[in-house]
Amino acid sequence: MISCTEFIPVYSELFKYLEDKGGHDEVVRYWEYISDTYVADLLGTEVAGKGIRGCWDYWSKSLNEEACDFKMELDEKEGTFSIDMRYCPSRGRLNAYEHMEPYYDYCGHCALLYARQLEKYGIVNEVFDMSNVDKAQCFERYRIKKEFIPADCKGEKLVMDVKAADNEYFHRDFHISGERGLRYVGEKYGDADVVAYLTQFAKAYYSPLIAKIKENGLAEMKAHIEEIYEVEKAPENVKCTLTDNELYVTVSECPGVKYMKESGYEPSQWYIEDTRTVNAVIAEESGYGFELISYDAENGAAEYRFFVK
């Protein structure tokens with residue numbers, strides 16, 4: 001399993017992979033796909049019934065779960081909504097990685113995903129300032145056309161001012177977003193490309209972990225797996241048994257699969273590769289063998305082992 005807290009580097013590497021397949025136009029096509037098949041059901045549903053107030057309700061959840069440092073303002077009377085992102089932890093994490101280079105237009109997805117859906121409900125983007133994304137900062141403002149203002153609009157004026165330290169960085173919806181990337185690659189390009197994409201990601205993102213395993217052995221992999229399940233608030237779901245020659249892992253239930261299914265989303269046939277391919281790459285790059293012994297797509301339960309060749 002790739003943790004929801006590791007989604008941002010997954011996304012960045014996906015954009016790079018898609019650009020290699022079909023240029024920036026292919027990356028944009030993917031953003032449009034995500035906007036139409038995912039954002040439409042979330043943000044689109046909110047604004048369809050509430051007008052620009054739906055923007056407030058949608059981002060109130062996601063920005064807090066992403067532990068953003070931001071000021072958000074809604075003026076229903078004026079028909080405006082804005083987000084002053086003083087620090088985006090997701091982009092900030094990308095900027096901080098010394099072993100990975102962010103996709104050059106990483107933040108471009110934000111400008112497209114939301115505006116594409118909001119325009120359907122008369123909400124237009126007036127400002128999207130990404131001049132300081134190297135500092136994990138941006139500013140965006142939207143305005144709803146008068147003819148789209150709901151008849152029952154209360155004319156409220158709201159302000160939310162939140163510090164990053166006020167929240168934990170834990171946005172489970174990233175499990176769905178990451179899986180949709182696998183689905184897109186699998187449906188459009190096939191099984192081999194899913195493996196190639198995840199191989200690219202694993203080699204790049206997990207290179208520090210691979211270096212530790214080379215130096216200290218499979219105890220580092222054990223610590224990594226246990227940490228992931230701690231982060232996902234499911235430490236009881238994994239058991240790691242380490243011997244001189246083997247690390248044996250038993251997963252009773254994958255928290256990613258559980259969250260997706262509880263949210264009404266069914267993981268695709270390629271989700272298994274988050275376990276099989278990613279772990280196989282880490283093992284191979286570290287000089288160890290890997291075997292996926294069993295995997296249950298219903299709940300993500302699995303047994304696998306890393307071993308001395």
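The values are calculated or read from the model by the stated rules, or taken from the named source; none is laboratory data. A quick note: this is a predicted structure, and the numbers were derived from the prediction, not measured. When we count neighbours, we look across all protein chains shown, and the Cβ atoms used for this are built from the backbone with ideal geometry, even at glycine.
Go through (1) basic (K, R); (2) in contact with a Gly (Cβ under 7 Å, 6 or more places away or on another chain); (3) part of a helix (DSSP H, G or I) for K222 and report which single condition fails.
Here K222 clears every test but (2).
Does region 168-179 hold any residues that are within 15 Å of C68 (Cβ to Cβ), part of a loop (DSSP other than H, G, I, E, B) and in contact with a helix residue (DSSP H, G or I) (Cβ under 7 Å, 6 or more places away or on another chain), and which are they?
Within region 168-179, Y169, F170, H171 meet the criteria.
Residues are listed down the side, and each one gets a yes or a no for (1) in contact with a Pro (Cβ under 9 Å, 6 or more places away or on another chain); (2) surrounded by fewer than 16 Cβ atoms within 10 Å (Cβ to Cβ); (3) under 19 Å from C138 (Cα atoms):
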residue	(1), (2), (3)
G23	no, yes, no
R29	no, yes, no
W56	no, no, yes
E66	yes, no, yes
G92	no, no, yes
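Six or more apart or on different chains, Cβ atoms under 6 Å: show the pairs whose first residue is in region 246-264 and among the aromatic types (F, W, Y) and whose second is in a helix (DSSP H, G or I).
Filtered contacts from region 246-264: Y259/H175.
Scanning region 138-148 for residues that are basic (K, R) and outside any loop (DSSP other than H, G, I, E, B), which turns out surrounded by the most Cβ atoms within 10 Å (Cβ to Cβ)?
Per the stated criteria, the residue is R143.
Among the candidates A165, A111, A151, which residue alone is farther than 22 Å from G23 by Cα, part of a helix (DSSP H, G or I) and among the aliphatic types (A, V, I, L, M)?
From the options A165, A111, A151, the qualifying one is A165.
Quick grid of which residues meet (1) assigned by TED's automatic domain parsing to the domain that holds F81; (2) among the polar types (S, T, N, Q); (3) under 20 Å from R116 (Cβ atoms):
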{"site": "K145", "(1), (2), (3)": "yes, no, yes"}
{"site": "D152", "(1), (2), (3)": "yes, no, no"}
{"site": "L158", "(1), (2), (3)": "yes, no, no"}
{"site": "D173", "(1), (2), (3)": "no, no, yes"}
{"site": "K188", "(1), (2), (3)": "no, no, yes"}
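For W31, state whether it is modelled with pLDDT of 95 or more and closer than 25 Å to E168 by Cα.
So W31 does not fit the description; no.
Test Y265 against the criterion of being farther than 20 Å from G186 by Cβ, modelled with pLDDT of 95 or more, within 20 Å of the chain's Cα centre (by Cα) and not in a strand (DSSP E or B), and give yes or no.
No, not satisfied.
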